[in-house]
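The values are calculated or read from the model by the stated rules, or taken from the named source; none is laboratory data. Computed from a predicted model, the values in this text were never measured in an experiment. Here the Cβ is made from the backbone with ideal geometry for all residues, glycine too, and neighbour counts use every protein chain on show. Each accessible area value is taken on the protein alone, full model and side chains, heavy atoms only, with ligands, DNA and RNA left out. Shrake-Rupley method; radii C 1.70, N 1.55, O 1.52, S 1.80 Å.
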Amino acid sequence: MSESLPPLFVAALEAVSTPTLVHAGGLVLHANASMQRLLGFDLATLQGMRFDAWASEQTRAALFDYGQRCLHELGELPSVEAEAVTASGAIRYLELHARQVRLDQQVLAVTTCQDLSDMRHVQSSLLDVGRVLHQIIENSPVATFVLNAEHRVTQWNAACTKLTGIELVDLLMGEKEPWQAFYKWPRPLLADLIIDGTVSETAQTAEGERCQASLLIPGAFEAERFFPQMGERGRWLYLTAAPLTDAQGRVVGAIETLQDVSARRQAEEQVRRHRQELEELVAERTAELLGMHHELEAFLENASVGIITTTRQRITRANKKFAEMFEFGSESPLDHESIELFTSKESYDSLGAVAYPLLSRGESLLHEMEMCTLRGNRIWVQMIAYVADPLNTQAGTWWLLQDRTEVRRVQAELQQNFERMKETNARLEEAQNQLLQSEKMASIGQLAAGVAHEINNPIGFVSSNVGTLRRYVEGMFRLLDHYEQVDRGQLPPELRQAIERQRVELDMDFLKEDLPQLLDESDEGLTRVKKIVQDLKDFSRVDQSDWQDADLNAGLESTLNVVMNEVKYKAEVVKHYQSIPTVRCRAAQLNQVFMNLIVNAAHAITGRGVITLSTRQEGDWVCVSVKDTGSGMSEATLRRIFEPFFTTKPVGRGTGLGLSLSFSIVKKHGGRIEVESRLGEGSCFSVWIPIAGPADAGEDASALPGA
């Protein structure tokens, strides 16, 4: 404690500006103000600490040993370094000097400190900068080396080793000199000349090339030359060198970079050689073009098509054929305005509207139009036009013109004949396919009628047999009921047991309940078969093929039953039948129309939907509607649905004749088909049939489809 020290000694310690600490091997006895400021602790805190407690864990043991040595050895001990942990937690690097002092038989250790933290920081920063500079040079892809003031190599990076083949260790050990990478005998390098101060723009380097001062770095120079001894065929190197100076500006070395520019020099040599070859080729081509020019002049003048050039809507060049085509006679076409060759200003403007967008982009124009000769005769002209230079409006436009008046006339006649033949062929094809479709439907109807007739006979006797079987079974059950009333006690035991065992095996109670149900189900099945057979007969109407009064509700219902297999898995059928009068028609043909509409509605539904069948009377007409919730149709499809062979179904699903044939049948009945459809919402087909039938219903029915 400070109280145990003489006041004069304490005052002497406080008068010293050097941080000082006194201890006797245990707690701190005194620390002057400089030491307190250094460590950041007040005197009371320090006096409560052991003399080495402020040191870091790494240096605390060494500081403790140093303090003990001071108490036992006379004289000033060698200085030691320690890390001090201040009150704020910062690390300070200190150099300590300890000396033994005796006061009134008390041995004390007086320790002074010098703060080395700032010096350590500067040294660390300099080392970091040195390492970074070394890495920059060493990792640079440009071959680089550094010479000191004594012209010795201090840096020789990996790129330099790869370029020259000389390792840095050979240069540092003195086994090789830098000039050996470039020459066969000693010669100063560009860096050597900069160190010696003997380089300038007017003086040549030792490499034999003039130097050029760098525009970026003062005192730096650059040069380029060929080194024949480098590599297999020699190398062109681009050299740059700059001085390295100290703080006083004295040159203490130089840095030089080497870049292999052999590929560039070879490319320049090839360019020079190619330029010379090109100039020779141009001279040859010029002579050839001159000859071709004369040949082209002769060709243009004698060409079989009219050729002109126009500039600013005036003819600046024209051949003989053009003058003949447009009837100039002995007059020269030159300087005539091109608008004179058009039938009207509107015709002239229309060509401009077509030609300008193409010609302004440098594209060619191919066009045909009617034009006018100088004498007023009209001709049909095919023209090809292109601009001589899209970037130069004064260069003009070339026009190749051919008179195609006669060809146009012949083409028009051929086109008319072709259209007539195509129309005739389409009619024949439509009639043929409708006839085939009608014959097919008639055959299907006859087959359905025949099948229905053949099925009717076995259904009749099976139905009769089931009725007879029902009577037999009912009689047997009544007989068994009477037997049940007999007193079984009168029977022999063996017979009674056999009857009971047989009753259990046959499960008579179950048979009495199940056999009537089986017979009822058989009757119901036979009734359904009869209904299907009747629907087939009603649909085919083989026995009613002439004009007759028919119930369209019944025809629609029988048709639905026939095609139910196509519908039941795709849609729920909703029926809205109103009471309608009988209609004068060919029922089998209208049933065919209904079948096409119902099947098309089912095919138009994706997933499961609803098909609504409706009938109603409006005045002298009966309307049958088939509405679906399918995919609907676009306007473009609606315009073509009644065309023969047009279909939106996949290949193999439809022929494109169903609606065409339906339209023809309804038209022959004096009716019409109306369609409403929207994409994504479905379609509705409405068939309107006059109740009295068409005016010619009494004529021969063979004129109608399906007859």
Point-to-point label distance, Leu515-Val10, nm (Cα→Cβ direction, 7 Å offset): 13.7
I need the phi-derived Karplus couplings for the range 397-406: 6.51 cos²θ - 1.76 cosθ + 1.60, θ = phi - 60°, integer Hz, Gly and Pro marked x. 10, 8, 10, 10, 10, 10, 7, 10, 4, 5
Selection of GluC sites (Glu not before Pro), the range 306-346, meeting DSSP coil and at most 16 other Cβ within 10 Å: Glu327, Glu331
Per residue, what accessible area does the range 1-96 have, given a 1.4 Å probe and all protein chains present, in Å²? 50
Assuming 0.692 mPa s and 37 °C, estimate D for the range 152-203 with Stokes-Einstein, Rh taken as the Kirkwood radius over Cα pairs, in µm²/s. 271
Regarding the range 56-135, what whole-number volume in Å³ per residue does the convex hull of its Cα atoms give? 122
Output the peptides 555-565, 9-19 sorted from most to least packed, where packing is the average of other Cβ atoms within 10 Å over each peptide's residues. 555-565, 9-19
Shape call for the range 206-307 from the C-alpha gyration tensor, a ≥ b ≥ c root eigenvalues: rounded (a/c under 1.5), prolate (a/b greater than b/c) or oblate? prolate
When Lys and Arg each count +1 and Asp and Glu each count -1, what net charge do the other residues less than 15 Å away from Phe41, Cβ to Cβ, add up to? +1
Is the shape of the range 135-178 rounded, prolate or oblate, going by the alpha carbon gyration tensor and its root eigenvalues a ≥ b ≥ c, with a/c under 1.5 for rounded and a/b larger than b/c for prolate? oblate
Keeping all protein chains in place, calculate the accessible area per residue for the range 280-350 (probe 1.4 angstrom), answer in Å². 65
Around Gln155, which amide H atoms from residues at least 5 apart in sequence, or from another chain, sit under 5 Å from its own amide H, with H modelled in the peptide plane? Val146
Trypsin sites (Lys or Arg not before Pro) within the range 256-351, DSSP loop, no more than 12 other Cβ atoms inside 10 Å: Arg312
The percentage of the accessible area of the range 92-145 (probe 1.4 Å, all protein chains present) made up of carbon and sulfur atoms, to the nearest whole number, is 56
Is the shape of the range 135-290 rounded, prolate or oblate, going by the alpha carbon gyration tensor and its root eigenvalues a ≥ b ≥ c, with a/c under 1.5 for rounded and a/b larger than b/c for prolate? prolate
Two-decimal ratio, the range 570-646, of alpha-carbon radius of gyration to 2.2 N^0.38 Å: 1.24
Taking N as the number of residues in the range 35-193, what value does Rg over Cα atoms divided by 2.2 N^0.38 Å take? 1.76
Once you put a point 7 Å from the Cα of Thr198 and another 7 Å from the Cα of Ala412, both along the Cβ direction, what distance in nm separates them? 10.0
Quickly work out the Ala498-to-Glu327 label distance, labels modelled 7 Å from Cα along the C-beta direction, and quote it in nm with one decimal. 12.9
Find how much the distance from Phe299 to Leu469 grows on full extension, using 0.36 nm per residue of separation minus their present alpha carbon separation; answer in nm with one decimal. 50.4 nm
Taking every other residue with Cβ under 14 Å from the Cβ of Lys162 and scoring Lys and Arg +1, Asp and Glu -1, one gets -2
Extension gain, Arg672 back to Gln58 (0.36 nm per residue minus Cα-Cα distance, nm): 210.0 nm
Here is the link list: Lys627/Lys668; Lys568/Lys627; Lys512/Lys568; Lys570/Lys668. Which ones come out longer than 25 Å on Cα distance? Lys512/Lys568; Lys570/Lys668
Need one value: the accessible area of Arg420 in square angstrom, 1.4 angstrom probe, rounded to the nearest 10. 130
With a sphere of radius 15 Å drawn around the Cβ of Pro390, what net charge do the other residues whose Cβ falls strictly inside it have (Lys, Arg +1; Asp, Glu -1)? -1
The correct pair for the range 1-102, radius of gyration to one decimal and Dmax as a whole number, both in Å and from Cα atoms, is 12.8, 36
When the chain is fully extended, how far beyond the present Cα-Cα distance does Leu43 get from Met369, taking 0.36 nm per residue of separation? 105.9 nm
Would you kindly derive the ³J(HN,Hα) couplings of the range 558-568 from the backbone phi angles with the Karplus curve 6.51 cos²θ - 1.76 cosθ + 1.60 (θ = phi - 60°), listing them in order in whole Hz, with x for Gly and Pro? 5, 5, 4, 5, 5, 9, 4, 4, 7, 9, 5
